[in-house]
Amino acid sequence: MHRKIGAMLLFLLILLGTLSAVQASIDFVDGRVDIRRGGSILAADFGMDLVAGDVIITGEDGLAIISLADRGSIKVQPDTTLSLNSLDSDVEVELQSGAVFSRLERLNGGSYRLRAGTAFAGVRGTEFYTAYGKTIEDLPDVWLCVNEGVVDVSLQNGAAVSVAAGEGINILSGRDITPPQFFAWTRDLNWNMDPSAGEVLDDTDLETLYNDPLDFDYD
């Protein structure tokens with residue numbers, strides 16, 4: 001009797017864990033896109049299921065759109081490495097280099113957090129762009145701008161700021177957050193994540209991002 005109850009409880013725990021996990025999959029792929037899973041490298045393909053711990057690596061011509069079921073989507077730009085750290089009710093991804101667009105819709109009580117170096121961006125439903133990897137000083141900078149909603153950004157050193165729709169920030173060398181403000185280049189970003197609605201590739205040259213805000217003195 002005790003064994004039957006124990007087995008039933010184990011089954012229920014497994015079932016609950018499965019229900020709470022986010023079903024992630026490749027919704028669109030173009031060019032060279034690989035998935036690093038453990039010690040293996042897999043070629044990404046449309047409809048491919050993803051699991052926590054997977055690392056998405058796009059080549060110079062690669063682009064992928066990841067579906068988080070009904071919770072939202074992530075568009076992974078060319079020359080980008082993105083790790084799916086957690087796919088539980090609280091989703092965490094880590095941008096190791098490159099750029100991504102995140103669109104979150106219904107998180108059903110969970111949360112979405114994007115990590116880039118020392119920075120964390122937390123949301124519960126919004127659309128924002130993040131670029132990471134351009135190095136001016138000793139550590140890479142982070143770019144973040146918001147198309148819809150509000151993104152709360154925090155650093156490991158305790159600095160924090162809320163970025164509203166239409167605003168952008170730059171995190172300099174992982175230490176200093178510039179004041180949220182409007183940057184002209186954000187209007188030219190391609191926020192589309194639906195291939196049937198048109199082009200999904202964003203061809204923004206990250207170098208151009210430094211021709212705008214670096215004219216200001218943030219010291």
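The values are calculated or read from the model by the stated rules, or taken from the named source; none is laboratory data. Computed from a predicted structure; not experimentally measured. Positions of Cβ are backbone-derived with ideal geometry, glycine not excepted, and every protein chain shown enters the neighbour counts. Keep in mind that these areas ignore ligands, DNA and RNA; they rest on the heavy atoms of the full protein, side chains included. Shrake-Rupley method; radii C 1.70, N 1.55, O 1.52, S 1.80 Å.
Panel values: segment 34-175, Kirkwood radius from alpha carbon pairs, Stokes-Einstein at 10 °C and 1.306 mPa s, translational diffusion coefficient 104 µm²/s.
Here's the picture: charge each Lys and Arg Cβ at +1 and each Asp and Glu Cβ at -1 in segment 40-189, and of GLY62, SER154, TRP185 the one pushed furthest to the positive end of that dipole is SER154. Semi-axes of the equivalent ellipsoid of segment 31-104 are 17, 14, 12 Å, computed as sqrt(5λ) over the eigenvalues of the C-alpha gyration tensor in descending order.
Note on segment 118-198: Rg/Rh from C-alpha atoms, Kirkwood Rh, equals 0.99.
At 1.4 Å probe radius, can you tell me the per residue accessible area of segment 53-170 in Å²?
With the other protein chains kept in place, segment 53-170 gives 35 Å² per residue.
Label PHE183 and ASP90 with points 7 Å out from Cα along Cα→Cβ: what is the distance between them in nm? Rounded to a tenth, the inter-label distance reads 2.9 nm. When only the Cβ of Lys, Arg, Asp and Glu is charged (+1, +1, -1, -1), the dipole of segment 32-79 relative to its Cα centre reaches about 140 debye. Of the chymotrypsin sites (Phe, Trp or Tyr not before Pro) found in segment 117-183, those in coil by DSSP whose Cβ has at most 15 other Cβ atoms within 10 Å are PHE182.
Working from label points 7 Å from Cα in the Cα-to-Cβ sense, the LEU139 to PHE46 distance is 4.2 nm.
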